[in-house]
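> My structure is below; once you've seen it, I'll send some questions.
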Amino acid sequence: MTIILAKLFVVLQELFFYMFEKKPTTLQEQIEILKSRGLNVEDENFAEHYLSHVSYYRLGEYWYSMQSDKENHIFKEGSKFSDVIHLYEFDRELKILLFDVIERIEISLRTKMIFHLSHEFDAWWFQDFGIFNDSLALTKTLASIEEEVSRTKEKYIKEHFKKHKDDQRFPPAWKTLEQTSFGSLSKLYGNLKNNVESKDIIAAEFGAVNHTYLPSWLQSIAQIRNYCAHHSRLWNKNLPGSPKLLSKPPFDWIQDVPKQHESIHIYIHLCLMKYLINITHPTNDFTRRLSDLLKKYPSVDPNALGMKPNWESEKLWTN
């Protein structure tokens, strides 16, 4: 019986490799495939250069929307390789812009959490299971923080462990949380019990009134930050989750608010970032940089981002 099963396994393995065998293609073959499917490759040297630095399947995320027959990968009439590259470069520059904006929000959040919660409790509040709702979630967050702290090369962390080697706790919040990711910070904040005073204080300082709204904003921004950090596509991406929106925010907001089903597009998330950076950095140039980017790539359809036609005239964006 064992011999029969072994032979059957070999046959199935051979069948599997036969069914899924796929040979790699050369750059020129990739170009010919695209041309045969109706994509206009104006300059083959240009195309070969890009395909040698940006993979066929990464670029495929940008030409997918150009296909009229997505099953057979047939392109719409008039589709050009140069437009694919414009989409790719626009998306790349958008992620660079957002990474810069999110950095300011992240540093502000980190500062406020360290300050307020350390004063309300103590320097090791983030290890206090009594102030958090979900112990299992906190355990996972602390495991991530431990990994982040352990791989840091910051001198003050190494010196802390050397000086306090008998202390089994993390370094105090003002040291530890400087090493943590935006994702870990947002999870800590969202997991705080609602009777923690600092949770409402931080939300109010970010113009979110109370703890009801800010967790979903931070979750949204942390997710987009991860897309930026890992070079994932943002253009024309359906974003999961829907941030909770204030009906009457205390600071300048937008009149033309996207419907709930439109929150899959990035525009409402851009608005939240703008709202927060107007507070953390009032002299920001987010509006100008976003506007310049859209003008730089006129072939990029703003509708794929969920942008409203009058977005630049909204009070939120005129600051």
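The values are calculated or read from the model by the stated rules, or taken from the named source; none is laboratory data. Note that this is a predicted model, so its numbers are computed, not measured. Ideal geometry is used to build each Cβ from the backbone, glycine not excepted, and the neighbour counts take in all protein chains shown. Note: areas computed on protein heavy atoms with side chains; ligands, DNA, RNA excluded. Shrake-Rupley method; radii C 1.70, N 1.55, O 1.52, S 1.80 Å.
> Out of (1) open to solvent by 70 Å² or more (accessible area, probe 1.4 Å); (2) at pLDDT below 95, the odd one out for T180 is which?
Result: T180 fails condition (1) only.
> Restricting to region 18-62, name every residue that is in contact with a Phe, Trp or Tyr (Cβ under 6 Å, 6 or more places away or on another chain) and either in a loop (DSSP other than H, G, I, E, B) or open to solvent by 80 Å² or more (accessible area, probe 1.4 Å) (or both).
Answer for region 18-62, where residues must be in contact with a Phe, Trp or Tyr (Cβ under 6 Å, 6 or more places away or on another chain) and either in a loop (DSSP other than H, G, I, E, B) or open to solvent by 80 Å² or more (accessible area, probe 1.4 Å) (or both): R37, G38, L39, V41.
> Can you pull out every residue in region 233-244 that is surrounded by fewer than 19 Cβ atoms within 10 Å (Cβ to Cβ) and farther than 19 Å from D91 by Cβ?
Residues satisfying the conditions are G241, S242, K244.
> Return yes or no: is N226 assigned to a helix (DSSP H, G or I), modelled with pLDDT under 95 and not aliphatic (A, V, I, L, M)?
Numbers: assigned to a helix (DSSP H, G or I): yes; modelled with pLDDT under 95: yes; not aliphatic (A, V, I, L, M): yes.
The answer is yes for N226.
> Something else now. Within 19 Å of R110 (Cα to Cα) and assigned to a helix (DSSP H, G or I): does that describe E178? Let's see the steps before the verdict.
Numbers: within 19 Å of R110 (Cα to Cα): yes; assigned to a helix (DSSP H, G or I): no.
Taking the combined requirement at face value, the residue does not satisfy it.
> Test each condition in (1) open to solvent by 30 Å² or more (accessible area, probe 1.4 Å); (2) out of contact with any Asp or Glu (no Cβ under 6 Å at 6 or more places or on another chain); (3) touching a residue at least 12 places away in the same chain (Cβ under 8 Å); (4) closer than 30 Å to E93 by Cα for H230 and report the one that comes out false.
With (1) open to solvent by 30 Å² or more (accessible area, probe 1.4 Å); (2) out of contact with any Asp or Glu (no Cβ under 6 Å at 6 or more places or on another chain); (3) touching a residue at least 12 places away in the same chain (Cβ under 8 Å); (4) closer than 30 Å to E93 by Cα applied to H230, the lone miss is (3).
> For S220, state whether it is modelled with pLDDT of 90 or more, part of a helix (DSSP H, G or I) and not charged (D, E, K, R).
Values: modelled with pLDDT of 90 or more: yes; part of a helix (DSSP H, G or I): yes; not charged (D, E, K, R): yes.
Yes, satisfied.
> Residues of region 258-280 being loosely packed, with under 15 Cβ neighbours inside 10 Å and part of a loop (DSSP other than H, G, I, E, B), which ones?
Passing the criteria: only K259.
> Test A143 against the stated conditions and say whether it is small (G, A, S) and open to solvent by less than 40 Å² (accessible area, probe 1.4 Å). Steps first, please.
Working: small (G, A, S): yes; open to solvent by less than 40 Å² (accessible area, probe 1.4 Å): no.
No, not satisfied.
> Condition first: in a helix (DSSP H, G or I) and of a type in the set (G, A, S). Now tell me which residues in region 292-308 satisfy that. Explain how you work it out, then say what you get.
Filtering region 292-308 for residues in a helix (DSSP H, G or I) gives 292-296, 302-305.
Of everything in region 292-308, just one residue is in a helix (DSSP H, G or I) and of a type in the set (G, A, S), namely A304.
> Can D122 be described as assigned to a loop (DSSP other than H, G, I, E, B) and at pLDDT 95 or above?
Values: assigned to a loop (DSSP other than H, G, I, E, B): yes; at pLDDT 95 or above: yes.
Here the answer is yes, as D122 does meet what is asked.
> Further question on the same structure: Tally time: how many residues in region 187-203 are open to solvent by less than 30 Å² (accessible area, probe 1.4 Å) and without any contact (Cβ under 8 Å) to a residue 60 or more places away in the chain? Steps first, answer last, please.
In the first step, residues of region 187-203 are kept if they are open to solvent by less than 30 Å² (accessible area, probe 1.4 Å); the result is 188-189, 191-192, 196, 198-199, 202-203.
Of the ones still in play, those that are also without any contact (Cβ under 8 Å) to a residue 60 or more places away in the chain are 191, 199, 203.
Residues in region 187-203 being open to solvent by less than 30 Å² (accessible area, probe 1.4 Å) and without any contact (Cβ under 8 Å) to a residue 60 or more places away in the chain: 3 in total.
> Right, G207: under 22 Å from S135 (Cβ atoms) and in contact with a Pro (Cβ under 6 Å, 6 or more places away or on another chain) or not?
Numbers: under 22 Å from S135 (Cβ atoms): no; in contact with a Pro (Cβ under 6 Å, 6 or more places away or on another chain): yes.
Answer is no for this residue.
> Hey, could you check region 146-170 for residues that are part of a loop (DSSP other than H, G, I, E, B) and free of Cβ contacts under 8 Å to residues at least 24 places away in the same chain and say which is surrounded by the most Cβ atoms within 10 Å (Cβ to Cβ)? Show your work before the answer.
Start the filter on region 146-170 by keeping residues that are part of a loop (DSSP other than H, G, I, E, B), which leaves 151-154, 164-170.
Then drop every residue that is not free of Cβ contacts under 8 Å to residues at least 24 places away in the same chain, which leaves 151, 153, 164-168.
Numbers: R151: 8, K153: 6, H164: 12, K165: 8, D166: 5, D167: 10, Q168: 6.
Here the residue is H164.
> State which residue is nearest to A222 (Cα to Cα) when the search covers only region 63-97 and only residues that are touching a strand residue (DSSP E or B) at 6+ places or on another chain (Cβ under 8 Å) and assigned to a helix (DSSP H, G or I).
W63
> In addition: Just give me the residues in region 94-140 being open to solvent by less than 30 Å² (accessible area, probe 1.4 Å) and among the polar types (S, T, N, Q), in sequence order.
Initially, region 94-140 is screened for residues open to solvent by less than 30 Å² (accessible area, probe 1.4 Å), giving 94-95, 97-98, 101-102, 105-106, 108-110, 113-114, 117-118, 123, 125-126, 131-132, 138.
Scanning region 94-140 gives S108, S118.
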